[in-house]
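Read the structure below first, then the notes.
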Amino acid sequence: MTTGSDDTMMLTTPFHSRIAAACELNSWGDWMGYTTPNAYTDVELEYFAVRNAAGVFDLTPMNKYRITGTDAEAYLNRLVTRDVSKIGIGRVGYTVWCDEAGQVMDDGTIFHLAENDYRICAYARATDWLHWSALGFDVTIEDETAEVAALAVQGPTSCAALTAMGLVGLDQLKPFGLTEFDFEGEPLVVSRTGFTGDLGYELWIAPHKAEALWDRLFESGEPYLIKPFGTHALEMARIEAGFLQAGVDFMPAEEVVRNGRSRSPFELGLGWLVDMDKSVFNGRRALQQELARGSRYRFAILDVDGNKPANHSFILKGNKQVGTVTSAAWCPTAKSNVAFAQIEMPYGAVGEELVAEIYYQRELHWTRVLAPCKVIDAPVFSHPRRRATPPGNF
Amino acid sequence: MKKYDAIVIGAGHNGLTNAAYLAKAGLDVAVLERNSYIGGATVSRELYKDWTYTNCSYVCSLLRPEIARDLELPRHGLQVVPYGGGVTFKRDGDYYGNYYDHNRQYREMSRHSKRDANAYERYTADVMKQTRLIRPFLLKRPPDPTSLKLRDLRDLADFAGSFMEMGERGLADTLKFWTKSVGDYLCEYFETDVIKAHLGGSGIIGTALGVFSPGTAYVLLHHYMGDVDGNVGSWGVARGGMGAVSGALAKSFQAFGGEIICDADVDRIVVRGGKATGVALKNGDEYHADVVVSNLDPKRTFLDVMDVQDLPAEVVSKAENFKIRGSSGKLNIALDGLPTFHGLDKSSPLMLGDMHFSDSLERIERAYDDWKDGTWSKDPYVDMLIPTQTDPSMAPPGKHMMTVFVQYAPPKINGGEWTDADKDGFEKSVIDQIAAHSPDFKDLILHCETRTPREIEAEVGLTEGNIFQGELTFDQLLFNRPFPGYAQYRGPVQGMYMCGSGTHPGGGVMAAPGANAAREILHDLRKPSTVPGGYADD
Ligand SMILES: Cc1cc2nc3c(=O)[nH]c(=O)nc-3n(C[C@H](O)[C@H](O)[C@H](O)COP(=O)(O)OP(=O)(O)OC[C@H]3O[C@@H](n4cnc5c(N)ncnc54)[C@H](O)[C@@H]3O)c2cc1C
């Protein structure tokens, strides 16, 4: 009999001892093979920690790749749709990357750590594609997912809480900025980034310092009402903030089996990430054609009447089905009922009035409502503190 | 003086809601407020440097989500944050805690009584049945059962329909709920004193009745029928205090072009030829409008700002007999740190919610006896929160603000006015009760604002300091609120309306009376309604 090696079992992150102690509900999920908390105490209260004070989320399972070498910038420019030369040292850029058919493989962030030194954070595992695209470039690609522990600290008191932990001067860091502090002799990289649409930071550190970081953070954060939050609360926050989730709002192109189920950046409302002035990048030719020919779909944020979330709804124009909902939630801060939808062209322009066919269950009884909805031009949550520098203490 | 389309007297949250909906319909509207600040009983004030007190109301649940969304209150700065927890401390050093998580709650209740823990599920379902019945009527005017108008008959049929849908047992329950005492009602489900006391408190909040007085079961329902983001019965704090509610309503109103005039103490509503034509201020200024809306309670409206000669004798008599007995007081306290409570860890989620020290219904009833005797309760029932454990914006980091709502405090002390010495005595009975369960509490007090019914009446204008603008007893609810024949927001004089908590569906920071009144006013002006319909519960 052979016993399985440890790394084929569900993994835990370097914060696990602390998370398990705080996870009163013992509600665990699986994120890329890591044991991750769905919720600690109560989803709503955790969500409000993010919007009202400071919430802490373990994002260690995020796939992280280190790209180094003299061709690093050129390589990344070939890989992604954005112009990477515009992401200066100490800056972070949100981007997507496409396959040759101009279909989105993933979205993620590029951290410009130093000269010829970048980190890509990605939803999907990307080793194969990164190597595939590296042909002819002098770069080294390293999967450092397990070598970097990471925490997101998000919410209005996040800057004050981190400053209290000793990150003096953090209030000067601009959105998408990146800086480094010393944490007990180890470098602690801090970026002003996140997936909540609020003021927030992400902390990157060596795994052996993870527990110490957690402890210090919660100790100094206490007067700032800091709380851990799980995946479910994050889901509410990201929908309110208008952020797409790979695997939910679009299928990573490489995983798609059925023809036509993948999407281009334009079809996901991410055209602003595509720099057609770049002469070459993966998918450019196909995207050029799409621009000339027109897209098949449009990404729409819908403000839905009533208080029933439009999960999995069909979107109708008159009697015609013109789209489907990919994510939906009642948004507690914005007090609105929001849905992300993929709408067939030419429908779904901003201001257009559509109908969501919603099914919901109460005590085993299903009800169908036809809720009027409207395509809106911006996410329902947007707070000035997200952009302000300094961002204020609460 | 300039002529407006409508004048609203009072910038309480209902006056502001009413004004916002009238302005949204295109009317030129002014709100006249006696104080130098807005909000009435929905107010935040800095009375101690760097501390924001939520001086009167302090928790939020009743505020209609349809209105919050429609008037874009979040965009205008309102955020309602739910809090978990809640605890009643016992005299023997133990406590009963109220957890947000259902199964944790069950385990905690089982610690006291396994049977009660199980009965709680039946209790919750029964209370939910009643909230389902009442919630759809919050954003509707009450039907007039004596009217033969098509609109009333239709409303009445709706109403009857919902009742019939409850079935025989449900209907019997409804009658029970609307007439019984909260004490008797709870005894049908629970055996443990502290559990009954914990649940029963909300049956007497703001009410000059005891836990064994008939009618208090409804008051419990009144505190249960709200929701935070669809969680019926949940409560939250408004970030920055309840003044954030009135502040957001005011911004919404102003965004529709409305005008708020503070320091405008209305002396009377001017009536000419049987019609309201405007208002006169105490300082002699006059403002003209064809529509005059009163946000004041019924007594103040009819016996103070209206001239008796302009009113039918019946209305004067009804206003005189309207039950609006003061029964509550409040302490707002600035704390140098988070107090320690016997038996509880400071990081316990139970600390986040409402805290109480009355561990039996008997003790709450005794507290009421003092009220009947014309004095404040020596062993009061308090509803206490430390919202700064949830809201980082109301006190400096690590410091705290405590709000202590107190039953009972009578409007008069043995028939005489409250004196400062009485106020000190009242304050002491509350502080001592808290200190009996918290060894470091007294040392942490930096500042304390104490409000007896005297202060509440003088500042907010609530007669006798009654927090709901009139008792929430069945004889003063629905088509009887404030009185029969006048429950549809129209006053006895043409062009004069009521929009305060003294009208359906009553007190609390709900905004429904103000919105419902606007719908009726716009109806009379033959304008399309700007007021949203209610969300269906299912
Ligand atoms: C101590 C206390 C605690 C409470 N706690 C809660 C709670 O936690 N949760 C909850 O939901 N509800 C609570 N309530 C009840 C709730 O606050 C009230 O029912 C609600 O705020 C009343 O709103 P309103 O707009 O109807 O009237 P009010 O707030 O009474 O507004 C009336 C306004 O009219 C003004 N006014 C009076 N006379 C004149 C005049 N002659 N001229 C011009 N203006 C005038 C007043 O200054 C005031 O601004 C509490 C109330 C009190 C007093």
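See the values below:
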read-out	value
Failed criterion for B:Y218 (all others in (1) over 28 Å from A:L225 (Cα atoms); (2) of a type in the set (S, T, Y); (3) within 14 Å of chain A (Cβ to nearest Cβ) hold)	(3)
Output for segment B:342-367, where each listed residue is more than 16 Å from B:E108 (Cβ to Cβ) and either touching a Phe, Trp or Tyr at 6+ places or on another chain (Cβ under 6 Å) or assigned to a loop (DSSP other than H, G, I, E, B) (or both)	B:H342, B:K346, B:S347, B:F357, B:S358, B:S360, B:I364, B:E365, B:A367
Selected residue [surrounded by 19 or more Cβ atoms within 10 Å (Cβ to Cβ), more than 9 Å from the ligand (Cβ to nearest atom) and free of Cβ contacts under 8 Å to residues at least 60 places away in the same chain] from B:K442, B:K423	B:K423
Test for B:A255: is it outside the structural domain of B:Y99 (by TED's automatic domain parsing) and either out of contact with any strand residue (DSSP E or B) (no Cβ under 7 Å at 6 or more places or on another chain) or away from the ligand (no atom under 14 Å from the Cβ) (or both)	yes
Options B:Y95, B:Y83; residue that is within 30 Å of A:G306 (Cβ to Cβ), touching a helix residue (DSSP H, G or I) at 6+ places or on another chain (Cβ under 8 Å) and of a type in the set (S, T, Y)	B:Y83
Candidates B:A276, B:A255, B:A289, filtered to the one that is crowded, with 24+ Cβ neighbours inside 10 Å and out of contact with any Cys (no Cβ under 6 Å at 6 or more places or on another chain)	B:A276
Matching residues in segment B:450-461 - criterion: being in contact with a Leu (Cβ under 9 Å, 6 or more places away or on another chain) and within 22 Å of B:D263 (Cβ to Cβ)	B:R451, B:I456, B:G461
Extreme residue, least open to solvent (accessible area, probe 1.4 Å), among residues of segment A:261-287 that are farther than 19 Å from A:E344 by Cβ and small (G, A, S)	A:G283
Strands (runs of 3 or more DSSP E) contained entirely in segment B:369-473, each with at least 3 residues that are modelled with pLDDT under 95, within 19 Å of B:G243 (Cβ to Cβ) and more than 14 Å from chain A (Cβ to nearest Cβ)	none
The one condition in (1) within 21 Å of B:G514 (Cβ to Cβ); (2) assigned to a helix (DSSP H, G or I); (3) away from chain A (no Cβ under 14 Å) that B:A244 fails to fulfil	(3)
Which numbered condition B:H342 misses (of (1) open to solvent by 50 Å² or more (accessible area, probe 1.4 Å); (2) closer than 24 Å to B:T473 by Cβ)	(2)
Residues (away from the ligand (no atom under 11 Å from the Cβ) and surrounded by 24 or more Cβ atoms within 10 Å (Cβ to Cβ)) located in segment B:5-14	B:A6
Residues of segment B:266-289 that turn out to be touching a residue at least 60 places away in the same chain (Cβ under 8 Å) and either more than 14 Å from the ligand (Cβ to nearest atom) or part of a strand (DSSP E or B) (or both), as a count	14
Residue pairs meeting the criteria (Cβ under 7 Å; at least 6 apart or on separate chains; first more than 8 Å from chain A (Cβ to nearest Cβ) and open to solvent by 10 Å² or more (accessible area, probe 1.4 Å), in segment B:61-77; second away from the ligand (no atom under 16 Å from the Cβ) and outside any loop (DSSP other than H, G, I, E, B))	B:H76/B:K251; B:G77/B:K251
Tally of residues being in a strand (DSSP E or B) and within 13 Å of chain A (Cβ to nearest Cβ) across segment B:78-96	3
Filter result (open to solvent by less than 40 Å² (accessible area, probe 1.4 Å) and either free of Cβ contacts under 8 Å to residues at least 24 places away in the same chain or farther than 21 Å from B:A512 by Cα (or both)) within segment B:125-160	B:D126, B:V127, B:S147, B:D152, B:D155, B:F159
Test: residue in segment B:198-220 that is more than 14 Å from the ligand (Cβ to nearest atom) and over 26 Å from B:A409 (Cα atoms)	no
Helices (runs of 4 or more DSSP H) fully within segment B:118-219 counting 2 or more residues that are under 27 Å from the mean Cα position of the chain (by Cα) and among the polar types (S, T, N, Q)	B:167-179
Among residues of segment B:34-55, those that are more than 9 Å from the ligand (Cβ to nearest atom) and either outside the structural domain of B:A518 (by TED's automatic domain parsing) or over 25 Å from B:Y287 (Cα atoms) (or both), counted	10
Selection within segment A:107-156 - assigned to a loop (DSSP other than H, G, I, E, B) and over 29 Å from A:G230 (Cβ atoms)	A:E115, A:N116, A:A134, A:L135, A:G136, A:F137, A:D138, A:V139
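Yes/no matrix, rows are residues, columns are (1) open to solvent by 10 Å² or more (accessible area, probe 1.4 Å); (2) within 12 Å of the ligand (Cβ to nearest atom); (3) within 14 Å of chain A (Cβ to nearest Cβ):
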position: B:L16; (1), (2), (3): no, yes, no
position: B:A19; (1), (2), (3): no, yes, no
position: B:L22; (1), (2), (3): no, no, no
position: B:V29; (1), (2), (3): no, no, no
position: B:L32; (1), (2), (3): no, yes, no
position: B:S57; (1), (2), (3): yes, yes, no
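The values are calculated or read from the model by the stated rules, or taken from the named source; none is laboratory data. Please read these numbers as outputs of a predicted model, since none were measured by experiment. Note that we place each Cβ from the backbone using ideal geometry, even for glycine, and neighbour counts take in every protein chain shown. When the accessible area is computed, the model is the full protein with side chains, heavy atoms only, and any ligands, DNA or RNA have been set aside. Shrake-Rupley method; radii C 1.70, N 1.55, O 1.52, S 1.80 Å.
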